[in-house]
Structures are given as structure tokens and as C-alpha cells.
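Asks: I am attaching a structure below and will ask some questions about it afterwards.
The values are calculated or read from the model by the stated rules, or taken from the named source; none is laboratory data. It should be emphasised that the depicted structure is a prediction, and the values quoted were computed from it without experimental measurement. Every residue, glycine among them, receives a Cβ derived from its backbone with ideal geometry; neighbour counts consider all protein chains shown. Just the protein is used for accessible areas: all its heavy atoms, side chains included, with ligands, DNA and RNA removed. Shrake-Rupley method; radii C 1.70, N 1.55, O 1.52, S 1.80 Å.
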Amino acid sequence: MDTLVVHGGTPLRGEIAVAGAKNVALKAFASAILTDEEVVIHNVPLIADVHCMLDVLTSLGIKVDINGHTVRIQSKSLKSTTVPLDVGARLRTSSLVAGPLLARYGAARIPNPGGCRIGARPIDRHIRGLAEMGAEISYHPDDGYFYLRADTLHGAGFEFEKNTHTGTEALILAAVLAEGETVLKNAAAEVEVDDLISLLTGMGATIKRTKEREIVIYGVKKLHGVEYSLMPDRNEEVTFALAAAVTSGDVLVHHSRRAHLGAFLEAFSSAGGQYEAVDASTTRYRQIGPIKPTDIVTLPHPGFMTDWQAPWALYMTQANGISTMHETVFESRFSYVSELRKMGAQIEYYDPPVKNPEIYYNFNWSDRRSGYHQGIRITGPTPLHDAVVEIDDLRAGATVLLAALTAGGTSYIHGVEQIDRGYENIEERLRKLGARIERKKEDEI
Ligand code: EPU
């Protein structure tokens with residue numbers, strides 16, 4: 001277990017490049033199971049979740065080779081169609097191998113998925129869709145595994161009851177080799193889904209976005225290998241933009257994709273944040289003048305992403321007035337609040353009035369537990385001070401790290417492996433912007 005020791009109070013200034021998108025990389029690896037030819041993925045971020053997902057593939061007997069930011073995968077033959085519990089339960093996307101395994105080998109056994117502790121995060125919507133495509137599925141509570149079988153997967157018309165980003169990808173991955181046409185209605189519009197579609201199209205799949213929130217997949221008999229470079233990670237870009245603003249710094253972000261950040265850039269401008277399009281893929285971020293309070297509601301794409309909620313709340317601790325955040329995608333994604341409070345932030349929970357919560361919220365209302373809240377109210381500006389903090393989710397981790405950089409004094413961040421899940425070499429990259437961060441082993445503190 002490592003700890004980050006952060007000496008705060010230095011504005012971040014300089015240049016940083018956004019890494020490849022974690023939330024495409026993990027699905028790209030699952031795609032490689034769909035062909036016996038080599039799949040080569042470039043611009044892969046070297047983060048813990050990537051290694052975890054590659055472990056899932058090697059546990060199935062698939063050949064994986066990592067060289068720098070390039071991963072080569074060849075899925076010629078399998079030793080098993082079971083994802084071992086100790087590997088699969090570490091990562092939610094391990095369940096995404098189900099569709100490709102069913103399509104090529106007719107069977108899959110996958111453990112109930114893990115991942116960030118941001119609510120129950122079931123995969124009921126994926127499972128219902130796979131069943132519509134002809135998979136026989138049973139869940140065995142005694143071993144915590146889903147057992148799936150299908151002699152042939154067939155196309156289906158399936159309408160998601162509510163948005164699901166990974167669920168949409170799970171069904172695309174199953175449908176590309178299925179017999180006939182699959183029409184996914186109320187399909188996710190996240191740009192990561194489109195990057196996955198581009199990769200699969202490069203492998204010979206036929207997939208079209210036919211209208212808003214509708215994807216049609218025409219099953220093909222065989223897919224081939226591909227060489228593909230992942231799009232940049234928009235969640236990283238938002239982290240760096242807010243790092244610049246909240247520390248009163250000035251950061252030039254390379255590999256920027258402003259087109260993926262519409263809702264963020266709009267909110268950022270309304271809070272007084274400045275962004276300047278230097279060229280097509282470079283953006284300068286800073287804060288000039290006071291931060292204005294905002295009221296934000298998280299939503300599926302093209303709304304303000306739930307992944308930006310935590311760092312935005314930190315930004316609002318420095319705004320002049322009261323801001324609110326209403327989380328509608330996950331039922332429990334405020335784990336950072338207690339840690340920011342330790343640093344002096346004034347944040348209180350509240351329950352935004354909602355008429356039909358069962359319909360309105362993206363999560364299953366039945367997954368909500370007593371004591372959960374969907375809203376926070378932030379009173380700013382409050383100077384932040386050093387603290388000893390714990391983190392248990394990726395975006396919460398990045399937020400607490402930015403808070404420690406903003407705060408006076410020296411903070412200690414435990415649970416750094418959560419940040420490592422999604423950000424490559426974060427302290428070294430932030431150090432290049434002037435951040436004073438050291439990583440220590442437990443016995444070195
Ligand atoms: N949900 C269900 N049942 C399902 C599927 C989803 O109840 O079968 C619920 C979820 O629990 C959640 C909501 O529906 O409350 C939305 O879930 P969705 O499936 O859209 O999200 P996800 O696939 O679990 C992905 C990203 C998240 C990102 C969300 C929203 C990956 C690996 N994860 O999660 O990224 O926040 O979409 O865009 O792609 C992160 O990178 O830190 C992260 C959590």
C-alpha cells in the first residue's frame with residue numbers, strides 16, 4: 001500500500017499530454033477475443049485497470065504482449081471459458097468477455113463483477129440483452145458466477161430500460177458475430193462507445209448509429225485482426241483542466257478533444273474558467289478572476305458526466321457562494337465528501353426533490369440504501385488545509401489529490417491504488433507541472 005505525501009499550495013503550470021482512454025482500452029481488449037488474428041492496440045494507458053483486464057485475458061489462455069503503450073493480443077485458442085474469481089472480481093469490465101466468449105465458443109462463466117465502490121452496479125441490463133440474443137443464463141449464488149451458454153447467438157431487437165454505457169458495449173460485442181441483425185434502442189451515446197465501434201468496424205464488423213440512441217449491428221461470420229489507436233481520455237482532460245483552475249495555475253493540455261467535453265466546457269465557462277483552443281488538439285486551461293458558483297446535474301452523454309462530479313465539487317469549494325451537485329447516474333458517488341470536509345470544505349448532503357425517482361434516476365432505485373443522498377450543497381470559498389485522507393474510488397482519489405495540491409501544508413493520501421487504477425504515473429506527470437508530491441511505502445512514513 002502506497003501513500004502520497006502532497007505539499008500543497010503551488011499553482012500548477014506547464015504542459016501535459018492526455019493518455020489513451022481507459023474506458024475504451026478495457027473494452028478493446030475484450031474485442032480481441034472475437035478473432036483468432038492479432039489485434040494491436042496503441043495509445044494504451046499503463047494503469048492498474050489495464051493490467052487487470054489483460055490478466056482476465058491471460059487467465060483464459062489468450063496471448064498478450066505489452067510493449068510500451070502498445071498491446072498485442074492473439075486469441076487463437078482458449079484454455080478455459082471461465083474467468084477466475086480472483087481476477088474477474090477485481091474489475092467490472094471483466095464481464096464484457098461474456099459476449100465474445102459466447103459468440104466464439106458458445107459458453108462463458110463470469111464472476112459477479114467488481115470495480116469502483118460507487119454503488120451496487122449490477123449488470124442486469126446486460127444479462128437481459130444477452131438472453132434476448134439467445135443465451136441461456138443462470139446465476140449461482142453459491143459460487144457468485146453467471147453461467148452462460150448459447151449454441152448460436154442471434155440478432156434481436158432490444159430496448160434498454162435505462163442508459164447503460166458498458167451494457168451497450170456488452171451487447172455490441174455479442175452482436176457483431178451473431179446471426180442476423182440486432183437493433184439496440186435507448187443505446188448509450190457516450191463517445192467511448194463510438195471509439196469501440198470504430199475499432200470493431202476496423203475488424204470487419206458492420207455497426208451503424210441509425211438515429212439518436214439507436215445502434216444497428218449486422219452480424220458477420222468472421223472478424224479479422226486490426227491495428228488501432230485509442231482516443232484520448234476525456235476524464236483525464238477534465239482532471240487537468242480543473243487542476244489548473246483550482247490551484248490558480250495555467251496548463252496547456254495536449255491530445256485534447258474539446259468535442260468530447262461539451263457539457264464540461266459550458267459549465268467551466270459559466271464558472272469563470274478560461275479555456276483557449278490553441279490548435280485542434282491543444283487546449284489551455286486556467287482561471288482568471290473569481291470562481292462563480294454553479295448548480296450541476298450529472299447525466300448520461302451528452303450531459304455533464306458523473307465522472308466529473310467529484311473534481312467539480314472541489315472546484316466549487318473555491319467558488320464565491322453556494323453551489324449544488326445532483327448525482328443521478330450512480331446511487332452512491334460521494335465518498336470524497338468526508339475527505340474534503342477533513343480539509344475544511346463546507347459540504348452538506350441534501351435530497352433534491354424528484355417526482356418519479358424510479359424513472360428519473362439512471363441507477364435502479366431498488367439499489368439505493370438508507371442514508372444515501374443524491375445531492376450536495378457546497379459553500380465557498382473555504383481555504384483548504386492539510387489532512388490525512390483515505391480514498392476508495394478512482395475519481396474520488398483524483399479529487400482528493402487535487403484538493404491536497406490546493407491546500408496549505410502537507411497532506412497524506414492513503415488508498416493510492418485507486419488513483420493508479422485510472423491515471424498513469426500521476427505524481428510524476430503532475431510534478432512536471434510543479435506539484436510537490438512524493439510516493440512512499442507504508443514503512444517509509
Ligand atoms: N446499471 C444497472 N444495471 C446494469 C447496468 C447499469 O443498474 O445492468 C446502473 C449502474 O449501477 C449505474 C447506472 O446504471 O448506476 C449507469 O451505469 P452504466 O452501465 O452506464 O455505467 P458503467 O458502464 O458501470 C461506465 C464507466 C464509468 C462511467 C459510467 C458513466 C467503464 C468501465 N466505466 O460505467 O467510469 O462513470 O460509464 O459514463 O466504462 C470511471 O472511469 O471511474 C468510471 C466509473
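Asks: Of these, Gly134, Gly61, Gly99, which one is touching a His at 6+ places or on another chain (Cβ under 6 Å) and farther than 30 Å from Ser256 by Cβ?
Replies: Result: Gly134 is the single residue among Gly134, Gly61, Gly99 that is touching a His at 6+ places or on another chain (Cβ under 6 Å) and farther than 30 Å from Ser256 by Cβ.
Asks: Got at least one residue in the range 166-184 being assigned to a loop (DSSP other than H, G, I, E, B) and touching a His at 6+ places or on another chain (Cβ under 6 Å)? Before the answer, list the steps.
Replies: Keep residues of the range 166-184 that are assigned to a loop (DSSP other than H, G, I, E, B), which gives 176-178, 180.
Those left that are additionally touching a His at 6+ places or on another chain (Cβ under 6 Å): 178, 180.
Scanning the range 166-184, I find at least one residue that is assigned to a loop (DSSP other than H, G, I, E, B) and touching a His at 6+ places or on another chain (Cβ under 6 Å), so the answer is yes.
Asks: Taking helices (runs of 4 or more DSSP H) that fall entirely within the range 12-112, which contain at least 1 residues that are free of Cβ contacts under 8 Å to residues at least 12 places away in the same chain and touching a strand residue (DSSP E or B) at 6+ places or on another chain (Cβ under 6 Å)?
Replies: Working: elements: 22-31, 48-59, 85-88, 98-105.
Result: 48-59.
Asks: Do the conditions hold for Thr283, that is, is it open to solvent by less than 20 Å² (accessible area, probe 1.4 Å), under 25 Å from Ile419 (Cα atoms), modelled with pLDDT of 95 or more and within 12 Å of the ligand (Cβ to nearest atom)? Reasoning before the result, please.
Replies: Numbers: open to solvent by less than 20 Å² (accessible area, probe 1.4 Å): yes; under 25 Å from Ile419 (Cα atoms): yes; modelled with pLDDT of 95 or more: yes; within 12 Å of the ligand (Cβ to nearest atom): no.
The answer is no for Thr283.
Asks: Another question, if that's okay. Out of the residues in the range 260-286 that are among the hydrophobic types (A, V, I, L, M, F, W, C) and without any contact (Cβ under 8 Å) to a residue 40 or more places away in the chain, which is nearest to Thr317 (Cα to Cα)? First the steps, then the outcome.
Replies: Step one: of the range 260-286, the residues among the hydrophobic types (A, V, I, L, M, F, W, C) are 261, 263-265, 267-268, 271, 277-278, 280.
Adding the requirement that they be without any contact (Cβ under 8 Å) to a residue 40 or more places away in the chain leaves 261, 265, 268, 277-278, 280.
Values: Leu261: 22, Leu265: 19, Phe268: 14, Ala277: 27, Val278: 29, Ala280: 32 Å.
Across the range 260-286, the extreme among qualifying residues is Phe268.
Asks: Would you point out the residue of the range 223-260, among those that are farther than 16 Å from Ala17 by Cβ and of a type in the set (A, V, I, L, M, F, W, C), that is most open to solvent (accessible area, probe 1.4 Å)?
Replies: Ala259
Asks: While we're looking at this one, here's another question. Suppose the filter is crowded, with 18+ Cβ neighbours inside 10 Å, away from the ligand (no atom under 16 Å from the Cβ) and within 18 Å of Leu96 (Cβ to Cβ); does Thr168 pass it?
Replies: Details: crowded, with 18+ Cβ neighbours inside 10 Å: yes; away from the ligand (no atom under 16 Å from the Cβ): no; within 18 Å of Leu96 (Cβ to Cβ): yes.
The answer is no for Thr168.
Asks: Still on this structure, please answer the following. Test Ser77 against the criterion of being out of contact with any Ser or Thr (no Cβ under 9 Å at 6 or more places or on another chain) and either open to solvent by 40 Å² or more (accessible area, probe 1.4 Å) or farther than 22 Å from Glu417 by Cα (or both), and give yes or no.
Replies: Yes; evaluated as a whole, the condition is true for this residue.
Asks: Conditions: (1) assigned to a loop (DSSP other than H, G, I, E, B); (2) touching a residue at least 40 places away in the same chain (Cβ under 8 Å). Gly289 meets all but one. Number of the miss?
Replies: It is condition (2) that Gly289 fails.
Asks: Residue check: is Gly225 touching a Leu at 6+ places or on another chain (Cβ under 8 Å) and more than 16 Å from the ligand (Cβ to nearest atom)? Write out each step before concluding.
Replies: Values: touching a Leu at 6+ places or on another chain (Cβ under 8 Å): no; more than 16 Å from the ligand (Cβ to nearest atom): yes.
No.
Asks: I would also like to ask the following. Please state which one of Ile437, Ile445 is in contact with a strand residue (DSSP E or B) (Cβ under 8 Å, 6 or more places away or on another chain) and open to solvent by 40 Å² or more (accessible area, probe 1.4 Å).
Replies: Values: Ile437 fails: open to solvent by 40 Å² or more (accessible area, probe 1.4 Å).
Of the residues listed, the single one that is in contact with a strand residue (DSSP E or B) (Cβ under 8 Å, 6 or more places away or on another chain) and open to solvent by 40 Å² or more (accessible area, probe 1.4 Å) is Ile445.
Asks: Here's another thing I want to ask about it. Quick check on the range 305-345: of everything there that is open to solvent by 10 Å² or more (accessible area, probe 1.4 Å) and within 11 Å of the ligand (Cβ to nearest atom), which residue is farthest from Glu358 (Cα to Cα)?
Replies: Restricting to residues being open to solvent by 10 Å² or more (accessible area, probe 1.4 Å) and within 11 Å of the ligand (Cβ to nearest atom), the top hit is Asp307.
Asks: Just give me the residues in the range 101-128 being in contact with a helix residue (DSSP H, G or I) (Cβ under 6 Å, 6 or more places away or on another chain), over 17 Å from Thr182 (Cβ atoms), open to solvent by less than 50 Å² (accessible area, probe 1.4 Å) and within 11 Å of the ligand (Cβ to nearest atom), in sequence order.
Replies: Of everything in the range 101-128, those that are in contact with a helix residue (DSSP H, G or I) (Cβ under 6 Å, 6 or more places away or on another chain), over 17 Å from Thr182 (Cβ atoms), open to solvent by less than 50 Å² (accessible area, probe 1.4 Å) and within 11 Å of the ligand (Cβ to nearest atom) turn out to be Pro113, Gly115, Cys116, Ile123.
Asks: Take the residues of the range 426-445 that are among the hydrophobic types (A, V, I, L, M, F, W, C) and assigned to a helix (DSSP H, G or I): which is nearest to the chain's Cα centre (by Cα)?
Replies: Narrowing the range 426-445 to residues among the hydrophobic types (A, V, I, L, M, F, W, C): 426, 430, 433, 435, 437, 445.
This time we only want the ones that are assigned to a helix (DSSP H, G or I), so: 426, 430.
Working: Ile426: 16, Leu430: 20 Å.
Among them, the one singled out is Ile426.
Asks: Moving to a separate point now. Considering only the range 342-402, give the strands (runs of 3 or more DSSP E) lying wholly within it that have at least 3 residues that are free of Cβ contacts under 8 Å to residues at least 12 places away in the same chain and within 25 Å of the chain's Cα centre (by Cα). Give the derivation first.
Replies: Values: elements: 346-350, 375-380, 388-390.
Output list is empty.
Asks: Another question, then. Only one of these is modelled with pLDDT of 95 or more, open to solvent by 10 Å² or more (accessible area, probe 1.4 Å) and under 22 Å from Asn23 (Cα atoms): Asn362, Asn356. Name it. Spell out the reasoning first.
Replies: On the way: Asn356 fails: under 22 Å from Asn23 (Cα atoms).
Going through Asn362, Asn356 in turn, the sole match is Asn362.
Asks: Which residue, of Ala98, Ala131, Ala89, is open to solvent by 20 Å² or more (accessible area, probe 1.4 Å) and within 13 Å of the ligand (Cβ to nearest atom)?
Replies: Values: Ala98 fails: open to solvent by 20 Å² or more (accessible area, probe 1.4 Å); Ala89 fails: within 13 Å of the ligand (Cβ to nearest atom).
Of Ala98, Ala131, Ala89, the one residue that is open to solvent by 20 Å² or more (accessible area, probe 1.4 Å) and within 13 Å of the ligand (Cβ to nearest atom) is Ala131.
Asks: Those residues that are surrounded by fewer than 20 Cβ atoms within 10 Å (Cβ to Cβ) and farther than 12 Å from Thr3 by Cβ, I need them from the range 387-415; list them, please.
Replies: Asp392, Gly408, Gly409 - these are the residues of the range 387-415 that are surrounded by fewer than 20 Cβ atoms within 10 Å (Cβ to Cβ) and farther than 12 Å from Thr3 by Cβ.
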